[in-house]
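Novice: Got a structure for you, questions after.
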Amino acid sequence: MSRARRMAAVAAVAAVALSACTFSDGEPFASVDVVLAAQLDRAAGRDAGDGWQRLASDYQVRLEAAVLTVGSVDLVGSTGQGGGAFDPASPPPGYSLCHNGHCHADDGRLVSYADVAAELAGGDAAPVLLSIPVGALDLVAGAERTLPCAEGGGCTLPLGRATVVRVRATHLVLTGQVRDGRTAAPRLGGEHAFTIDIPVAVDLTATTDIAADRSHAPDVAIDLALIGGAPWLDALDFAAAPVAEGGALTPVSDPESLTLLTTALLESELSVVVTR
Amino acid sequence: MTTISMTFVSLPRLALLATFTLAVSVFVPACGGDDDATPEESIDVEGCEHLQEGPAAPITAGAVADETAPLVAADHRRYDIAVTDTGFVRFAADEATDLVVFIDAPATLTFTGADGTVLPPEETATSSPECTDIKGKVTVPVGVGTVFIAIGPGAPAEVSMVVEEAGHDHEH
């Protein structure tokens, strides 16, 4: 064997040996740990003293229970179709207003920018790369939970890129006391109990960029933080609320008030911090 | 939002040298709008854009400062307000902020809290270098709660209004 051919053979063997070091069979492209924290909004500007919080409507509330049930936290990829881009300042046909990450559809839906883009791109929904079940979050007590993945196998992402984190809220319970902050011409006399216990279908979304491939470290930590409570009640008319059998006001009792609550939920503060 | 990225890189070709790279980068997203503009210029640009292009929301001003006065919001819309000499609209503030109200016609704007207390403006103007559409601009510090905006007396039959909150991201 000539020297050149010997060197070529050695190089080939070396290449195979080195390439065996590059890939580890069976390792995921990305392994994700998700922590979801939820707490009440306690902004100083809302503090009316003694546990009472001001609302934008001049009512004041003192929350006793605030439980948001989250069906799942999803990591969503892009459609990869390239189309569907739109300018929120100029809502596309079928939508009247786009702001704060969602658009108001003519049929009454509130649609996230990602879903509007997907609809415009031909109707294919953005792929869900990972879905993690959650459950009830108690905002009054403050919840912080490391989310376990179902079915074992850990939380792994397929080859690709997650561009949206989606928190799917399915039920809301809010109870407490309400009074009118307007003393000159009060709409509501005295303090009253109120209760909200309703199913909701609200997707809270935040953009992200999580690559799952061999050129990025595989272990990814995602910290989600959700703040809510009093802001969800800002637009509700407590004086017009029906009274339930136990005497509590039920300010979400018709489609209009449900839309007001849903809109407020969609504008919740959701933060995402990714470390790897 | 702060993103911390740690990148671990292994170079097989240099496996004998065992090279590792650790990089930490911190990104702080910039606020929306023109990065070269001051915040005041940016908010005037936003006011101009919506006074010129809408989207429009026609409403009729209420006769008194109560729940019958229609709501206006800082929602990137232009409110085309029908007024009979004096009219009222209301704004529900969900946080303490500086409210910035643009109008496209000369008119007196007076801001009051729900208890009738007049809220003094921090700044007023009757024009802007950003566009000729701005005929009035008032900046008023407000707390959480409802603010009533009186338009007039002597207001034109229609006044277009855009509401912004200073310090907020003005991107859609």
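Every read-out reported here was derived from the displayed coordinates using simple, explicitly stated rules and does not represent laboratory data. Model, not experiment: these values are computed from the prediction. Quick reminder, even Gly has a Cβ in these numbers, built from the backbone with ideal geometry, and neighbours come from all protein chains shown.
Novice: Using a Förster distance of 25 Å, how high is the FRET efficiency between B:T68 and A:A65, based on the Cβ-Cβ distance and rounded to 0.05?
Specialist: Numbers: r = 34 Å, r/R0 = 1.35.
The pair B:T68/A:A65 has a calculated efficiency of 0.15.
Novice: Through the Karplus equation 6.51 cos²θ - 1.76 cosθ + 1.60, θ set to phi - 60°, convert the phi angles of the range B:88-93 into ³J(HN,Hα) values in whole Hz; use x for Gly and Pro.
Specialist: 10, 10, 9, 10, 9, 8
Novice: Hey, what do the phi angles of the range A:131-143 turn into as Karplus ³J(HN,Hα) couplings, whole Hz, using 6.51/-1.76/1.60 and θ = phi - 60°, x for Gly and Pro?
Specialist: For the range A:131-143, the Karplus-derived couplings read 10, 10, x, 10, x, 7, 10, 8, 6, 5, 6, x, 10 Hz, x marking Gly and Pro.
Novice: State the dimensionless ratio Rg/Rh of the range A:120-276 (Rg: radius of gyration of Cα atoms; Rh: Kirkwood radius).
Specialist: Working: Rg = 20.0 Å, Rh = 18.6 Å.
Rounded to two decimals, Rg/Rh equals 1.08.
Novice: Also: Obtain the nm distance between the two label points defined at A:A37 and B:V118 by a simple spin-label model: each point lies 7 Å from its Cα along the Cα-to-C-beta direction.
Specialist: My value for the distance between the label points is 4.6 nm.
Novice: Apply the Karplus parameterisation 6.51 cos²θ - 1.76 cosθ + 1.60, with θ equal to phi minus 60°, to every residue of the range B:100-110 and state each ³J(HN,Hα) to the nearest whole Hz, in sequence, with x for glycine and proline.
Specialist: Residue by residue, the range B:100-110 yields 10, 10, 9, 10, 9, 9, x, 6, 7, 10, 10 Hz.
Novice: If you count, for every residue in A:175-187, the Cβ atoms of partner chains within 10 Å of its Cβ, what is the mean?
Specialist: Details: counts 0, 0, 0, 0, 0, 1, 5, 7, 2, 4, 5, 0, 2.
Shielding by partners across A:175-187 averages 2.
Novice: Turning to a different aspect of this structure: Between A:D87 and A:E269, what FRET efficiency comes out of the Förster formula 1/(1 + (r/R0)^6) with R0 = 30 Å and r the beta carbon distance, rounded to 0.05?
Specialist: Numbers: r = 25 Å, r/R0 = 0.82.
With R0 = 30 Å, the Cβ-Cβ based efficiency is 0.75.
Novice: Name the residues whose placed amide hydrogens come within less than 5 Å of the amide hydrogen of B:D75, ignoring near sequence neighbours (fewer than 5 apart) on the same chain.
Specialist: Answer set, sorted by chain and number: B:V163.
Novice: Roughly how crowded by other chains is peptide B:137-149, in terms of the mean Cβ count from those chains within 10 Å of each of its Cβ atoms?
Specialist: Working: counts 0, 0, 0, 0, 0, 1, 3, 17, 11, 7, 1, 0, 0.
Counting other chains' Cβ atoms within 10 Å and averaging over B:137-149 gives 3.
Novice: Can you tell me which of A:177-184, B:74-81, B:125-132 comes out highest on packing, and rank the rest after it, using the mean Cβ neighbours within 10 Å? It would help to have the intermediate numbers written out before the result.
Specialist: Details: A:177-184: 17.4, B:74-81: 21.4, B:125-132: 13.8.
Peptide ranking by packing, descending: B:74-81, A:177-184, B:125-132.
Novice: What full-extension length gain, to one decimal in nm, is calculated for A:D219 and A:S131 as 0.36 nm per residue of separation minus the Cα-Cα distance? Write out the running numbers ahead of the final one.
Specialist: Working: separation 88, 0.36 × 88 = 31.68 nm, distance 1.71 nm.
Length gained between A:D219 and A:S131: 30.0 nm.
Novice: To continue, here is another question. Classify the range A:201-276 as rounded, prolate or oblate from the Cα gyration tensor: take a ≥ b ≥ c as the square roots of its eigenvalues, call it rounded if a/c is under 1.5, otherwise prolate when a/b beats b/c and oblate if not.
Specialist: On the way: a/c = 4.18, a/b = 3.62, b/c = 1.16.
Judged from the Cα gyration tensor, the range A:201-276 comes out prolate (a/c at least 1.5, a/b above b/c).
Novice: Which semi-axis lengths, in whole Å and largest first, follow from the square roots of five times the eigenvalues of the Cα gyration tensor of the range A:193-236? Could you put the intermediate results ahead of the total?
Specialist: Working: eigenvalues 272, 23, 19 Å².
The answer is 37, 11, 10 Å, longest axis first.
Novice: Averaged across B:119-132, how many Cβ atoms of other chains sit within 10 Å of each residue's Cβ atom? Please report the intermediate quantities before stating the final value.
Specialist: Values: counts 0, 0, 0, 0, 0, 0, 0, 0, 0, 0, 0, 0, 0, 0.
Rounded to a whole number, the mean comes out at 0.
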